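**Student:** Dumping the structure here so I can ask a few things about it.
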Amino acid sequence: MSVAKKAKIERITVDTRPSCQCYSMGSVNMCQKPEDSKIDLRQEGSKEGYHKDYKATVFIVKEGIQNKRFCVIHKFASNNGFICEEKLSERVTHMISELRDMGQLSRLYPSLSSYHHIKVVSMQWLYSCVRKKSLLPEEEFTIPGYYDWLSQKMQQPLKATTFHMVSQIQEEKCHSESYLSHNDEEPLRNDAHTDGSVAFMTEHVPFDKDHFNSNMLERNAPLKHFNLQLMEPLAFLSDYWIVMGDERRSLAYAKAAATIKCLPFPVTMMEQVIDLKGIGTGHSLKVLQETLETGTCREMVVKKDFEKYKVMKV
């Protein structure tokens, strides 16, 4: 090799730093950043209601975005911890769009009507989540007309199991109110054992909690049950979460309400409902405890006046 070529090679400086293509979108610098700059969306957000294991799976609407910019946005979302799907599915939690017409989106993606849990938000939601490094509430970023569209879709029949359970609870609640208003007699009594425990009697038959838990299919849910006041907030919360699009929560409250309704005695203390299969150990117990102690449930009172619930309920 000649001396001239060696000198030329020595003058060449190789930049080994990773390349970075920057695009300015809004107030977010969309660079391909190192791994340590990613936000971990599985961490608990600063807003109440987001579980620490929650993941955001997004579908980015391609319409209205140039191909090159769409690829940049897609990579930007992936690099910052979002899971990107190529098409709408049950796994998608958020649909991100730059189109501002909900009617146009529903026509472009008719399958969207099958996924009521998907929040349709603007691109600004994505940018804001990255800036705050946590998942933000969607209310400020939803596409105009989203809630009206969702309200119309929620008028359609719900999934068979949840719909049947919620309807049955509401229907039997009316029958129970009618019965209890005309019946002032105490239909049962409590007997105390010598060891201090309480045996709950209905027609002189003691309540067996173990049998009640192990034979759920044999439970009797009479129209004239004894715990209307306790069942009311659970039935409302079940209906509330159906309207808000969270069938998992709705079904949990419906199961708790059905369990309370099957009890053959009026509940007067928390020891009577703890460890009952169907109520669980979570929020339903807190609702029952508050109702027993105060006679009402503050959460039910607050949620009844929630503006979005009233709009979607109509």
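**Student:** Got a sec? What order do His116, His94 fall in by accessible area at 1.4 Å, biggest, i.e. largest, first?
**Tutor:** His116, His94
**Student:** Mind running the shape call on segment 204-314? Use the C-alpha gyration tensor, a ≥ b ≥ c as the square roots of the eigenvalues: rounded below 1.5 for a/c, prolate if a/b tops b/c, oblate otherwise.
**Tutor:** It comes out prolate by the Cα gyration axes.
**Student:** Per residue, how many Å² of accessible area does segment 69-158 show with a 1.4 Å probe?
**Tutor:** Result: 47 Å² of accessible area for each residue.
**Student:** What is the extension gain from Thr296 to Asp246, computed as 0.36 nm multiplied by their sequence separation minus the C-alpha to C-alpha distance, in nm to one decimal?
**Tutor:** 15.6 nm
**Student:** List the trypsin sites (Lys or Arg not before Pro) within segment 62-125 that fall in a DSSP loop (any state other than H, G, I, E or B) and whose Cβ has at most 13 other Cβ atoms within 10 Å.
**Tutor:** Qualifying residues, ordered by number: Lys87, Arg91, Arg100.
**Student:** Whole number in Å², please: accessible area per residue of segment 238-299, 1.4 Å probe, ligands, DNA and RNA not counted.
**Tutor:** 44
**Student:** Right, something else. Amide H to amide H, which residues 5 or more places from Lys119 or on other chains are under 5 Å from it, using H placed in the peptide plane?
**Tutor:** Result for Lys119 returns His94, Met95.
**Student:** Go through 218-225, 138-145 and give me the packing order, highest mean Cβ count within 10 Å leading.
**Tutor:** The densest-packed peptide leads the list: 138-145, 218-225.
**Student:** Once the other residues with Cβ under 13 Å from the Cβ of Pro110 are scored (Lys, Arg +1; Asp, Glu -1), what is the net sum?
**Tutor:** +3
**Student:** Something else now. Do any of Lys68/Lys119; Lys132/Lys153; Lys255/Lys277; Lys153/Lys310; Lys133/Lys304; Lys119/Lys153 go past 21 Å between their Cα atoms, and which?
**Tutor:** The pairs that break the limit, which is 21 Å between Cα atoms, are Lys68/Lys119; Lys132/Lys153; Lys133/Lys304.
**Student:** Once fully extended, how much extra length lies between Lys310 and Gln152, figured as 0.36 nm per residue of separation less the alpha-carbon to alpha-carbon distance?
**Tutor:** Contour length minus Cα-Cα distance gives 55.6 nm.
The values are calculated or read from the model by the stated rules, or taken from the named source; none is laboratory data. These numbers were taken from a predicted model, which means no experiment stands behind them. Every residue, glycine as well, gets a Cβ built from its backbone with ideal geometry; the counts of neighbours run over all protein chains shown. Ligands, DNA and RNA are stripped out before the accessible areas are found, and what is left, the full protein with its side chains, is counted by its heavy atoms. Shrake-Rupley method; radii C 1.70, N 1.55, O 1.52, S 1.80 Å.
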